[in-house]
Structures are given as C-alpha cells and as structure tokens.
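**Q** The structure follows.
The values are calculated or read from the model by the stated rules, or taken from the named source; none is laboratory data. What you are looking at is a predicted structure, and each value in this text was computed from that prediction instead of being measured. Because the Cβ atoms are built from the backbone with ideal geometry, glycine has one as well, and the counts that use them run over all protein chains shown.
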Amino acid sequence: MDDSARRLLQRLIRRIPAQMLKPTLDKWDRLTAAHRQSMDFTESKWALTEKLLAIYVIENPDHSMWYALQLVDPEDDAHSVELTQFKEQFKSHLRELIRHVSIKIKKHTDEAVWIRIAWGDSFSRPNHLKPTYVVHHLQTPYVFVTSLTSKLKPLLSQALVLSTRYQAIKDASLSARKLTAIRDLLMRQYQQVFPTKYPSSLVENNQNASNILINKEQAELAASRHQKACEAFGDGMLPQLQSAVYKLETKFRDHTNKTMTEREEAFRCVVKFASTNLLESLRHCASSGISSTPGTSLLSSIPLKGRNYFVITDNGPGPSSQTRQPPN
Amino acid sequence: MEAASTKAGVLSHLSLLEVQARSRRTQPQQQSRVKELKAKVEALKVQKQQLEAEIETHQNLQKLRLSLDKQCADEEDVEMEEDSENSQLLRLMARHTQLKDLLHAHHLIGGYDIIKTRQGKGVCVSLATAYEGVYLDTYNLEIDLKPTVKIGRHNIPPFIPVNSLAEVNDMQTNMRAFLDALSQHLNAFAGRKQQLKLLREQHKSIEVMESNVLCSILVLMFKVPSAKTAVLCTLDYTDHSSCLPTRVHFECEDKQLPDSDQWKKNCSLLMETPVHTALTAMKKMGDIV
C-alpha cells in the first residue's frame with residue numbers, strides 16, 4: 001500500500017463518526033470474521049487505522065520486497081527459546097537501542113511470529129505509516145524482513161541476535177516479492193524430488209500430441225528430462241521467485257577478442273534472470289529440452305542453497321558480499 | 001534390321017531368364033525350408049543351454065544364500081569349499097542378494113532406504129516416519145561419497161539439526177550411527193507433530209495456548225469442572241529424540257490443586273503416555289472437560 005492510499009485510509013477513518021465505524025466495516029464485508037472480532041472499537045481511531053493497516057499487510061504480504069536473513073552460531077539454549085521469553089527479550093533489547101519505537105508482536109496459526117516495528121527518533125514519535133515487518137519461526141535460523149532502511153538494520157539485527165540466543169546474523173542473499181516464496185524455499189516446504197528405487201510416474205501435463213508416433217519415440221527421453229528437471233528444481237507448485245542475480249568478477253575469456261582478454265583486472269558484469277515465476281521457467285527449460293540436463297549448477301544452486309544473489313569469482317561461486325544492503 | 005536386333009535382344013534376355021528360373025527350380029522348395037528350420041533348431045538349442053546355465057547358477061546361488069543365512073544365524077565361520085574363481089564370484093553374488101533383501105526388509109518395516117546415485121559417487125537415503133502404525137512424511141537426504149563424504153541436498157526442515165547430528169555421530173566413519181540418530185529425531189518429531197494434530201482434532205474443548213514448529217513445547221489450558229477453575233499445563237519436550245515430554249508442569253489459581261493426589265497422577269500420566277490419549281483418560285475420569 002503506498003503512502004497516498006495509507007493517508008486516504010487515515011482520513012476516511014477520521015471522518016467516519018465513531019459509532020458508525022463498526023457498522024460501516026461490517027457492511028463493507030471485506031474483513032474475515034476473525035479480523036472483525038479482533039477490532040476493538042473502544043480504542044482510538046488512530047489505533048484502529050493501525051490495526052487495519054496491519055491486517056492489510058498480513059493478508060497481502062507481497063506488496064514490497066522481502067529479504068531473508070540467517071542467524072548463525074546458536075548458543076546452547078537457542079533451541080529452547082519460547083514465545084513469551086522471545087517477546088520480552090526482543091522488546092527490551094530493541095527499546096534499549098532506540099528509545100522511540102513501537103513494537104507489536106503476534107503469533108500466527110502457522111507458528112510464524114510477526115513483529116511490526118514503527119520507528120521514531122529523538123525528535124519524532126514512531127512513524128506508523130512506514131513500519132518494518134519481521135517474520136520469524138522460532139527454532140529456525142531464518143528471519144524475513146521488509147521495509148527496513150540500512151540505517152536501522154543494525155539495530156534490528158542486534159535485537160534479533162540477543163533475543164533468539166544466536167551469536168550473529170547475516171544476509172541470506174535471498175529476496176522476492178512474495179513472502180511465501182522465500183519462506184517455502186528456505187523451510188523446504190515445496191515438493192522436492194529425489195532419486196528413488198520406486199520411481200513414481202511424474203506425469204507431465206504437456207499433452208500436446210501432434211503426432212502419436214513422435215510422442216512414442218520421444219516419451220522415454222521426455223520422461224527422463226522431466227525427472228532430472230524436477231530433481232533440480234522441484235515438482236508441482238514452486239516458490240515464486242521473481243529474479244536471480246549473478247555478479248561476475250571473473251576474467252574475460254574469448255580468444256577472438258584480444259584486447260579484452262589481455263586485461264589484467266576482472267571483467268565485472270551482472271547477469272540478471274527475471275520472470276514472474278523464475279523457478280517454474282527454469283524447470284520448464286530443462287524438461288522441454290531447451291537447456292540440457294543435468295543443468296548448470298549455477299541455476300540449480302538457487303533452490304539448493306536457497307538464495308538468488310551470487311557473486312562469482314575465478315575461484316568459483318563464493319559467498320555473497322556481506323555488505324550488501326537491502327535497497328529501500 | 002533394327003527391329004530384328006532388338007527383338008533378338010529381347011528374346012535372348014527372355015531365354016536367359018528362362019535358364020535362370022529353371023536352374024533355381026532344380027533346388028527343391030523343401031530343402032530351403034528344411035535349412036531354415038535346422039538353423040532355428042540350432043539357435044533354440046543354444047538358448048536352451050544358456051538358460052540351463054542360468055538356472056544352475058541360480059540354484060548354486062540359492063544354496064549359497066541358504067548356507068550364508070544359516071551362518072549368519074549361527075555365527076559360524078565361513079567354510080571355504082573350493083577356492084575357485086567361480087565359487088568366489090558366486091559367494092559375492094549371494095552376499096549381494098542377501099544385502100539387497102536385507103535393505104528391502106528394512107524398508108518394509110519403515111526403516112530408511114538407500115539407493116546409489118551419480119554412478120556410485122553418491123547415495124540417496126529415504127527416511128520414512130511413522131507414528132502409531134500410520135505412515136507420515138518421508139524425508140530424503142543425498143550424501144556424496146566421492147571425493148569426500150559430505151551431505152548434499154535434502155528436504156529435512158531446518159529445525160532438525162542434520163549437520164550437528166552428522167558431527168556428533170561421526171558420519172565420516174560411522175554412517176549407520178548417524179542415519180539411526182537422524183531417523184530417531186525425524187520419527188520423534190513426526191510423532192510429536194502427529195500427537196498435536198490428533199489433540200486438536202479429538203479435544204476441541206482444550207485450548208492450545210502455545211506450540212512451535214519443532215513441537216518441542218506445548219502449553220494447554222484445561223477447564224476443571226470440580227474446582228471451577230482453569231489449569232495451565234506446560235509440556236516440555238527437551239529431548240528431541242523422544243515423543244514423550246521430559247517435564248510436565250501445572251499452574252493454577254488454586255495452589256493446592258497441582259499437589260493433590262489426582263493431579264499428581266495426571267502429571268505422571270502425561271509424562272508416560274502420548275498427550276492425546278492421556279487427555280482422553282483425564283476426560284473420562286472427569287478431571288477436565
């Protein structure tokens with residue numbers, strides 16, 4: 001939701017008389033029963049606006065880019081951190097680091113802990129129109145954030161590390177518009193395919209049989225390609241990533257171009273793959289035979305390592321730059 | 001003159017053909033047919049010999065398998081009858097089929113299954129989980145064997161510490177211990193998850209206040225009819241390789257209640273039986289609704 005939409009909502013709520021708010025929302029009929037119940041109409045209009053915005057973000061988590069962070073080096077008691085402890089610790093640590101901040105923590109039915117942070121500074125009260133959202137599953141090392149400026153990232157990182165009982169946090173080099181995509185990829189909640197003694201029939205839905213005889217000849221080859229493509233990327237609905245970026249810092253290699261090859265320093269370039277559903281496109285390339293199978297490990301590293309930002313040097317693909325900041 | 005020479009050409013050609021046909025007809029039809037059949041007989045004889053050899057090998061294998069199985073059962077030393085290449089090869093083949101059958105049996109009883117991948121440079125392990133006789137999720141783990149023993153890709157969720165289990169059980173030298181430990185953790189997790197699912201299905205009146213993805217903590221709210229009060233029950237599953245809790249704790253406004261005999265019994269019930277069955281028993285006794 002952009003700023004103008006948010007301000008419009010604010011003004012709307014302000015103009016509707018207090019006693020008409022509940023009947024208006026009921027008549028609008030766009031909130032689920034659970035959400036309607038959670039709206040406390042004795043609260044101030046400001047609180048109600050915030051609540052509605054929060055519901056909007058939770059129901060539509062794809063309106064901005066989500067980034068994955070990874071907690072590293074757990075302490076011994078990291079595995080027994082429970083919700084109330086985490087909530088208290090996070091709030092107190094963050095409040096120690098920055099005075100004017102508004103934190104709301106809520107647990108969802110899928111065990112995801114949602115944190116909404118409205119940041120203020122020494123001069124102004126917390127800005128509720130541009131909150132940061134953080135999603136974390138306890139006992140996993142992954143944290144998903146959106147709408148976080150580079151200035152505030154170290155504060156959030158510190159609070160997260162201390163409250164989850166890990167020693168450090170790093171950028172997981174994975175970002176996408178859909179929270180579900182990066183979450184499913186890292187939590188391995190999509191259908192992966194492994195070599196098995198009892199191969200199930202991975203039915204390929206492409207039944208464009210133009211010629212039955214051609215199909216018959218190609219059937220075995222097609223099945224084998226499909227199996228390998230699914231082993232590399234997965235079966236069924238894949239997490240919807242929109243892009244993959246490869247930053248190359250390798251020497252230029254082309255015999256026909258001497259001037260470029262003779263250069264000492266690395267040829268820097270960035271290769272970006274973009275698609276509405278990148279993993280689906282890559283899988284289709286492999287299964288339809290456009291790209292050879294087994295495909296290059298650079299592409300299959302995306303689901304294997306759970307990241308879509310790679311830095312490739314002459315020594316091989318290395319860890320992404322630690323200083324990469326999520327652009328705002 | 002032209003017509004005559006071409007006619008002569010045609011005629012001579014025709015007579016040539018006639019001679020050819022006659023020379024062919026002197027060899028009787030039946031002879032070629034007989035030849036065909038004889039050749040077929042030879043081919044079938046060769047096939048029969050091959051099959052007989054296969055049957056004999058198979059029978060020898062069976063005998064060897066029987067003696068091997070008996071030896072494994074009695075734990076006797078291996079008898080070397082003839083040291084010929086043939087019998088060694090047969091012995092190897094028998095051992096191979098024995099191992100394959102053992103793996104298959106292991107797979108049937110719900111243990112893990114292993115197949116070779118990447119031309120023998122790796123294996124893929126399939127770990128099945130089950131609880132109370134019901135098969136649940138199957139997890140897969142690819143392990144590279146060459147050049148080093150290393151864990152490849154897998155679909156085990158991130159809250160199961162695969163890497164630390166590999167370290168602790170020394171996967172490099174003792175693969176079996178690592179796989180057994182991993183299977184134990186996965187089965188325990190699947191068991192706890194299943195208990196939570198059954199609890200939610202069978203006991204809708206009991207509110208689940210807290211749980212987590214690893215199912216290592218469970219906080220429930222009981223309503224006690226006799227005391228007209230609520231009891232908060234915390235179940236800690238700190239041993240992640242077990243389906244049962246390591247600690248059960250009750251909290252209640254009435255401080256005396258958790259110390260009563262009845263509730264002490266409930267405490268041990270919850271420690272010793274799966275949570276959904278324990279709750280059914282507690283409901284039957286009227287302690288909770």
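**Q** Mind checking which residues of the stretch B:119-134 are within 14 Å of chain A (Cβ to nearest Cβ) and either modelled with pLDDT of 90 or more or in a strand (DSSP E or B) (or both)?
**A** B:Gly122, B:Val123, B:Cys124, B:Val125, B:Ser126, B:Leu127, B:Ala128
Results for (1) assigned by the TED database to the domain that holds A:Ser163; (2) touching a residue at least 40 places away in the same chain (Cβ under 8 Å); (3) not in a helix (DSSP H, G or I), shown as yes or no for each residue.
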residue	(1), (2), (3)
A:Ile13	no, no, no
A:Gln37	no, no, no
A:Asp40	no, no, yes
A:Leu52	no, yes, no
A:Ile58	no, yes, no
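**Q** Looking for whichever is over 18 Å from the mean Cα position of the chain (by Cα), within 13 Å of chain A (Cβ to nearest Cβ) and surrounded by fewer than 18 Cβ atoms within 10 Å (Cβ to Cβ) here; the options are B:Leu145, B:Leu218, B:Leu232. Which one fits?
**A** B:Leu232
**Q** Something else now. Scanning for something within 14 Å of another protein chain (Cβ to nearest Cβ), surrounded by 14 or more Cβ atoms within 10 Å (Cβ to Cβ), at pLDDT 90 or above and closer than 30 Å to B:Asp180 by Cβ, does the stretch B:264-274 turn up at least one residue?
**A** So far as the stretch B:264-274 goes, no, none of its residues is within 14 Å of another protein chain (Cβ to nearest Cβ), surrounded by 14 or more Cβ atoms within 10 Å (Cβ to Cβ), at pLDDT 90 or above and closer than 30 Å to B:Asp180 by Cβ.
**Q** I need every pair where a residue in the stretch B:141-160 that is small (Gly, Ala, Ser) has its Cβ under 8 Å from the Cβ of a residue that is not in a loop (DSSP other than H, G, I, E, B), sequence separation at least 6 or different chains.
**A** B:Gly152/B:Gly122; B:Gly152/B:Leu141; B:Gly152/B:Glu142; B:Gly152/B:Ile143; B:Gly152/B:Asp144
**Q** Still on this model: Tell me which residues, restricted to the stretch A:73-93, are of a type outside the set (Lys, Arg) and under 14 Å from B:Asn212 (Cβ atoms).
**A** Result: A:Ala78, A:His79, A:Ser80, A:Val81, A:Glu82, A:Leu83, A:Thr84, A:Gln85, A:Phe86.
**Q** Check A:Phe123 against each of (1) farther than 26 Å from A:Gly306 by Cα; (2) in contact (Cβ under 8 Å) with a residue 12 or more places away in the chain; (3) away from chain B (no Cβ under 14 Å) and name the one condition it does not meet.
**A** Result: A:Phe123 passes all but (2).
Residues are listed down the side, and each one gets a yes or a no for (1) crowded, with 21+ Cβ neighbours inside 10 Å; (2) closer than 30 Å to A:Ala274 by Cβ; (3) modelled with pLDDT of 90 or more:
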{"position": "A:Thr149", "(1), (2), (3)": "no, yes, no"}
{"position": "A:Ser157", "(1), (2), (3)": "no, yes, yes"}
{"position": "A:Lys170", "(1), (2), (3)": "no, yes, yes"}
{"position": "A:Leu185", "(1), (2), (3)": "yes, yes, yes"}
{"position": "A:Ser201", "(1), (2), (3)": "no, no, no"}
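**Q** Tally up the residues in the stretch A:131-152 that are within 10 Å of A:Ile115 (Cβ to Cβ) and either assigned to a strand (DSSP E or B) or outside the structural domain of A:Lys104 (by the TED database) (or both), please.
**A** Matching residues across the stretch A:131-152 total 7.
**Q** Name the residues in the stretch B:148-176 that are surrounded by 14 or more Cβ atoms within 10 Å (Cβ to Cβ), more than 10 Å from every other protein chain (Cβ to nearest Cβ) and polar (S, T, N, Q), would you?
**A** The answer is B:Asn169, and nothing else.
**Q** Only one residue in A:Glu82, A:Glu75 is surrounded by 14 or more Cβ atoms within 10 Å (Cβ to Cβ), in contact (Cβ under 8 Å) with a residue 12 or more places away in the chain and among the charged types (D, E, K, R), so which one is that?
**A** A:Glu82 is the lone residue from the list that is surrounded by 14 or more Cβ atoms within 10 Å (Cβ to Cβ), in contact (Cβ under 8 Å) with a residue 12 or more places away in the chain and among the charged types (D, E, K, R).
**Q** While we're on this one: Any chance you could count how many residues in the stretch A:140-191 are closer than 24 Å to B:Pro161 by Cα and without any contact (Cβ under 8 Å) to a residue 40 or more places away in the chain?
**A** So the count comes out to 2.
**Q** Can you pull out the residues in the stretch B:218-274 that are assigned to a loop (DSSP other than H, G, I, E, B), of a type in the set (S, T, N, Q) and over 20 Å from B:Lys193 (Cβ atoms)?
**A** Of everything in the stretch B:218-274, those that are assigned to a loop (DSSP other than H, G, I, E, B), of a type in the set (S, T, N, Q) and over 20 Å from B:Lys193 (Cβ atoms) turn out to be B:Ser226, B:Gln256, B:Ser260.
Matching residues to (1) of a type outside the set (Ser, Thr, Tyr); (2) over 11 Å from the mean Cα position of the chain (by Cα); (3) within 14 Å of chain B (Cβ to nearest Cβ):
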| position | (1), (2), (3) |
| --- | --- |
| A:Trp119 | yes, yes, no |
| A:Val135 | yes, no, yes |
| A:Val143 | yes, no, yes |
| A:Gln158 | yes, yes, no |
| A:Ser163 | no, yes, no |
| A:Ala168 | yes, yes, no |
| A:Leu174 | yes, no, yes |
| A:Tyr190 | no, yes, yes |
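**Q** Right, something else. Please work out which one of (1) closer than 26 Å to B:Cys215 by Cβ; (2) assigned to a loop (DSSP other than H, G, I, E, B) is the condition A:Arg99 fails and give its number.
**A** Every listed condition holds for A:Arg99 apart from (1).
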